[in-house]
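Engineer: Got a structure for you, questions after.
The values are calculated or read from the model by the stated rules, or taken from the named source; none is laboratory data. In this text, all values refer to a predicted model and were calculated from it rather than measured experimentally. Cβ placement follows ideal geometry from the backbone for every residue including glycine, while neighbour counts extend to all protein chains displayed.
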Amino acid sequence: MEAVIVDSNRTMVGTSAIMESISSAVNGKEMTNVRFDPTAVVSEPVPAVAQSDDVDDLVNGGGGSEEEKREIVLGRNIHTSSFSVTEPDIDDDSTGDKEAYMASILARYRKTLTDRTKFHLGYPYNLDFDYGALTQLQHFSINNLGDPFIESNYGVHSRQFEVGVLDWFARLWDIEKDEYWGYITNCGTEGNLHGILVGREVFPEGILYASKESHYSVFKAARMYRMECEKVDTLLTGEIDCADFKVKLLANKDKPAIINVNIGTTVKGAVDDLDLVIKTLEDCGFSHDRFYIHCDGALFGLMMPFVKRSEAHAKNTCLLLAKQEFMKYYYEIENVKTVCSLFRYLMPLWIAQKAPKVTFKKPIGSVSVSGHKFVGCPMPCGVQLTRLEHVNALASNVEYLASRDATIMGSRNGHAPLFLWYTLNRKGYKGFQKEVQKCLRNAHYLKDRLIGAGISAMLNELSSTVVFERPKDEEFVRKWQLACERNMAHVVVMPSVTVDKLDHFLDELVEGRSMWYKDENVKPPCLASDIGSVNCCCPQHRMIS
Ligand SMILES: *Cc1c(COP(=O)(O)O)cnc(C)c1O
């Protein structure tokens, strides 16, 4: 649906709605008595809408730190396509006009959703699910306010399900039931906000370390809590650069360290080497009581444990890839890149053998994941787990709730635990493993076809995030809902991304490029500084293949 409604239109809709509501209020009851009249109505219940011709400027202008001089393309301003709320007419009940109007809007919206779901590739959301069995629960206001483990006075809750789900995650991450604390959050961000808060409560003087490719919520936490924060460099894969981490740790040896470790970065799907991070801390003289690690597993926290790491398979794949890569450079054998690329293909072998497992057996303080990403919940949610000993430093009892307050929010979505519980029960370890394998297979398929078509692309080992050349046409980006950064776009291959969908996308991309780069002078962007020259297919880095 193309909603190209100009701004003046929006103003008109708003104004007429106000006129209607004012007239209906005037026709209604008037306040005649100065004394309190419980049946009286306020004569102008709807305040006038603030008018501004510069809504676009307000929404799309400003912002942007000095650090990022790059022009950032923002999405369209929703004010041009929003559905205004209109006041009911007096006779609405009898005519049913309003009901019919709303029903038609909702029906159209449903169609938009179906459409947009069909063309979604960029965000790591699994859109493939069926929660029909849970519709019967929609009629309840389920709220788990307070602590998941201590019932509050509000009885319409789903703690039975919440704690069941938390226990499942505790088993996944190797922590005993009586040693962990956690809750079902509103999203991965809340998990990060909580994990980093626990870290700061344990070490009030601590410095937060996070790789520069960490999710923006980590830096948001640093700002909210006014914590000193060190941004650590990354490797081209997107992983934290532990050499730089070491330099920064040594410069701040007098203060405890709070570290955000990424289990899948947002843009490149890179998994930080947890073991190397711990070793670096130890090498720099940080004993286990001088650091706190929060693992941000929003993206791959639930995929990593199910990546089947067959050593033999990894070895074969690596050797095969190394050979292919070698043949590519055969004609320019002096090129140092040959050696580099061979190493690049031996690296995954090494990673696959010692992929850093996330477990509370290691000295980590907390782990969080998103529930609406790989798991596939229809509403944003997440899971955050930490050690019980830590949370005691944070919690306080609240008499009004008869429960304990250790979460970030007050009220908590009581439906989310039901969705998580339902899907964990249905899929189980085996189901997730199957889906992870399918995602990785399809991600490789996409990457191979992109490279085959001469389009710059990269896929990290243990990841289903395919990074590739940012499409030149913003309309194309919008249609496929691709998230872009600098010259990169990515597709996060989720269970709902089928080969058919990828084929459709690839065909359109190839066709689009043939138009965008028809003119000899318009060249595809270079991605060497984003994903390495080995993965770059721009005219300058294109290899003989
Ligand atoms: C998506 C994401 C988040 C934030 O999760 P939300 O559920 O969107 O709040 C945090 N970290 C990483 C690495 C992510 O990919």
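Engineer: Select from the range 278-299 the residues that are within 28 Å of Asn186 (Cα to Cα) and not in a strand (DSSP E or B) and write down the one among them that is farthest from the ligand (Cβ to nearest atom).
Structural biologist: Across the range 278-299, the extreme among qualifying residues is Gly297.
Engineer: Could you look through the range 253-270, keep only residues that are of a type outside the set (A, V, I, L, M, F, W, C), in contact with a Phe, Trp or Tyr (Cβ under 9 Å, 6 or more places away or on another chain) and away from the ligand (no atom under 16 Å from the Cβ), and pick out the one that is nearest to Cys295 (Cα to Cα)?
Structural biologist: Selected residue: Pro256.
Engineer: Is one or more of the residues making up the range 505-513 under 23 Å from Asp128 (Cα atoms) and either assigned to a strand (DSSP E or B) or among the basic types (Lys, Arg) (or both)?
Structural biologist: Checked the range 505-513: no residue is under 23 Å from Asp128 (Cα atoms) and either assigned to a strand (DSSP E or B) or among the basic types (Lys, Arg) (or both).
Engineer: Of the conditions (1) in contact (Cβ under 8 Å) with a residue 24 or more places away in the chain; (2) on the phi < 0 side of the Ramachandran plot; (3) part of a loop (DSSP other than H, G, I, E, B), Gly454 satisfies every one except a single condition; which number is it?
Structural biologist: Just one mismatch for Gly454, condition (2).
Engineer: One residue is enough: does the range 436-447 have a residue meeting the conditions within 16 Å of the ligand (Cβ to nearest atom), more than 23 Å from Thr117 (Cβ to Cβ) and touching a strand residue (DSSP E or B) at 6+ places or on another chain (Cβ under 8 Å)?
Structural biologist: No.
Engineer: Being of a type in the set (A, V, I, L, M), modelled with pLDDT under 60 and either surrounded by fewer than 19 Cβ atoms within 10 Å (Cβ to Cβ) or on the phi > 0 side of the Ramachandran plot (or both) narrows it down to one residue among Met327, Met409; which is it?
Structural biologist: Working: Met409 fails: modelled with pLDDT under 60.
After applying the criteria, what remains is Met327.
Engineer: So which residues in the range 375-404 are at pLDDT 85 or above and away from the ligand (no atom under 16 Å from the Cβ), if there are any at all?
Structural biologist: Selection gives Thr386, Arg387, Leu388, Glu389, His390, Val391.
Engineer: Test each condition in (1) surrounded by fewer than 22 Cβ atoms within 10 Å (Cβ to Cβ); (2) within 21 Å of Phe374 (Cβ to Cβ) for Gln540 and report the one that comes out false.
Structural biologist: Here Gln540 meets the rest and fails (2).
Engineer: Of the residues Lys472, Lys501, which is surrounded by fewer than 22 Cβ atoms within 10 Å (Cβ to Cβ), outside the structural domain of Gly264 (by TED's automatic domain parsing) and outside any loop (DSSP other than H, G, I, E, B)?
Structural biologist: Checking each option against the conditions leaves just Lys501.
Engineer: Quick one: in the range 520-537, of everything that is modelled with pLDDT of 90 or more and of a type in the set (D, E, K, R), which residue is surrounded by the most Cβ atoms within 10 Å (Cβ to Cβ)?
Structural biologist: Asp530
Engineer: Among (1) among the basic types (Lys, Arg); (2) outside any helix (DSSP H, G or I); (3) farther than 30 Å from Ala528 by Cβ, there is one condition Lys231 misses while meeting the rest; what is its number?
Structural biologist: (3)
Engineer: Residue under question is Met488, and the condition is that it be of a type in the set (A, V, I, L, M, F, W, C) and either surrounded by fewer than 21 Cβ atoms within 10 Å (Cβ to Cβ) or over 25 Å from Asp128 (Cβ atoms) (or both); does it hold?
Structural biologist: yes
Engineer: Give me a count of the residues in the range 216-245 that are buried (at least 17 other Cβ atoms within 10 Å of the Cβ) and among the basic types (Lys, Arg).
Structural biologist: Here the count works out to 1.
Engineer: Can you name the condition, by its number, that Glu190 falls short on among (1) of a type in the set (Asp, Glu); (2) part of a loop (DSSP other than H, G, I, E, B); (3) out of contact with any Leu (no Cβ under 8 Å at 6 or more places or on another chain)?
Structural biologist: (2)
Engineer: Report, by residue number, each residue of the range 247-258 that is farther than 18 Å from Pro363 by Cα, touching a residue at least 24 places away in the same chain (Cβ under 8 Å) and part of a helix (DSSP H, G or I).
Structural biologist: Lys248, Leu250
Engineer: While we're on this one: Go through the residues of the range 191-201 one by one and say whether even a single one is modelled with pLDDT of 95 or more, within 23 Å of Ser396 (Cα to Cα) and within 8 Å of the ligand (Cβ to nearest atom).
Structural biologist: yes
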